[in-house]
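Below: the structure, in structure tokens.
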Amino acid sequence: MLLIVSGLIALLAFNIEWYAFDAAVYKRAFEKQNLYARTPQILATALFSTISGNPATDPYLKELTLEDWTGTIASILPPEELKALTNSALDSVFDYLNDRTDSAVITLLPIKARLTGPAGMELVQKILGAQPACTAEQLLQIGQGLLGGDIALCNPPPELVGLMTPLIESQLQILSFSIPNEVTLVANVQGDPTTDPRAGLRQVRTLMRITPVFPLFFLFCLTIFAVRSLTDWLQWWGYPFLITGTAGLLIGLAGAPLLGFLVQSILEIYSSGLLPPILFSALRETISAVAGEILRPVLIEGLTLAGLGFGMVMTTLFIAYRSNSRT
């Protein structure tokens with residue numbers, strides 16, 4: 001019984017550890033569930049938080065709300081660039097969770113490049129259009145800005161917009177420099193390694209990696225203390241293999257809800273505090289697809305074990321039948 005139970009646990013735990021922390025699995029899940037559409041919101045949240053927390057940020061950027069940034073990013077970045085940015089962020093996050101780096105970042109360079117083009121002009125015009133109409137004093141400031149390189153934060157009359165275009169273009173260059181090249185999604189781990197927020201996750205994953213050792217140990221003990229002949233070996237190995245493999249096969253076919261719950265629980269307990277809420281929410285939506293990715297090898301391994309066990313049991317029965325026939 002211990003062999004069967006430990007075998008089933010190893011079958012699930014090892015595959016969860018192997019696949020649940022692989023960025024490629026989540027990329028396929030994002031593709032299947034069209035979650036790349038969430039990228040503008042993820043980028044906007046990270047950018048908005050960075051800008052809000054920086055007192056030296058250009059006032060034009062501070063005028064943009066989270067919804068403004070979400071709509072702007074969605075409009076200026078084509079789908080293929082949004083997908084590339086998402087994949088890059090996923091790679092960075094899982095490099096962090098897998099201890100390859102001490103931080104996870106998302107690059108903003110494509111956004112900065114787009115802001116210095118026509119999309120940036122539309123953004124500035126949108127900001128100005130959302131402001132109150134310019135006062136006489138602000139119009140004077142705009143007139144001076146045409147010579148001095150500054151724009152008042154107000155909604156100018158239409159006849160002035162054309163004159164302001166060259167100035168807006170120059171201001172966009174300044175705005176792009178005030179946007180960071182990248183935003184940190186997970187803060188760098190500093191100081192004592194024991195304070196690393198990944199420590200608990202690391203321990204759980206280590207235990208999951210070594211779960212195959214336990215059924216192998218029980219199998220070894222079974223062989224040493226119970227096997228005395230070829231028939232004994234076929235019986236003591238065959239039936240546990242058959243039962244474990246059949247159970248694994250059934251889990252592989254119908255265990256997606258249970259496995260999805262297990263994966264979500266692991267992520268919620270050990271990863272929710274490490275990742276930004278908006279990104280963690282997107283990852284949670286991939287659970288069903290990730291569970292399917294994990295269950296595929298469980299299904300194959302269960303089928304292999306069941307087939308091997310069935311063959312060993314049938315061989316045992318055949319040997320017993322031959323022995324009875326001779327007597």
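The values are calculated or read from the model by the stated rules, or taken from the named source; none is laboratory data. Because the structure is predicted, anything quoted here is derived from the model rather than measured. FYI the Cβ positions are ideal-geometry reconstructions off the backbone, even for glycines, and counts take in every protein chain you see.
Here are the numbers for the structure shown:
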item	result
Contacts under 8 angstrom Cβ, first residue in the stretch 229-241 being free of Cβ contacts under 8 Å to residues at least 60 places away in the same chain, partner outside any helix (DSSP H, G or I), 6 or more apart	W233/V227; W236/V227
Selected residue (criterion: nearest to Y321 (Cα to Cα)) from residues of the stretch 207-248 that are charged (D, E, K, R) and either in a helix (DSSP H, G or I) or in contact with a Pro (Cβ under 7 Å, 6 or more places away or on another chain) (or both)	D232
Exclusive hit being aromatic (F, W, Y), modelled with pLDDT of 75 or more and under 30 Å from A37 (Cβ atoms), set F261, F241, F280	F261
Meets criteria (among the hydroxyl-bearing types (S, T, Y) and assigned by TED's automatic domain parsing to the domain that holds L201) for S6	yes
Selection from the stretch 251-264 of residues that are in contact (Cβ under 8 Å) with a residue 40 or more places away in the chain and outside any loop (DSSP other than H, G, I, E, B)	I251, G252, L253, L259, L262, V263
Restricting the stretch 1-41 to residues that are within 30 Å of L242 (Cβ to Cβ) and in a loop (DSSP other than H, G, I, E, B), the residue that is modelled with the lowest pLDDT	M1
Filter pass, A44 being aliphatic (A, V, I, L, M), farther than 30 Å from P257 by Cβ and in contact with a Gly (Cβ under 9 Å, 6 or more places away or on another chain)	yes
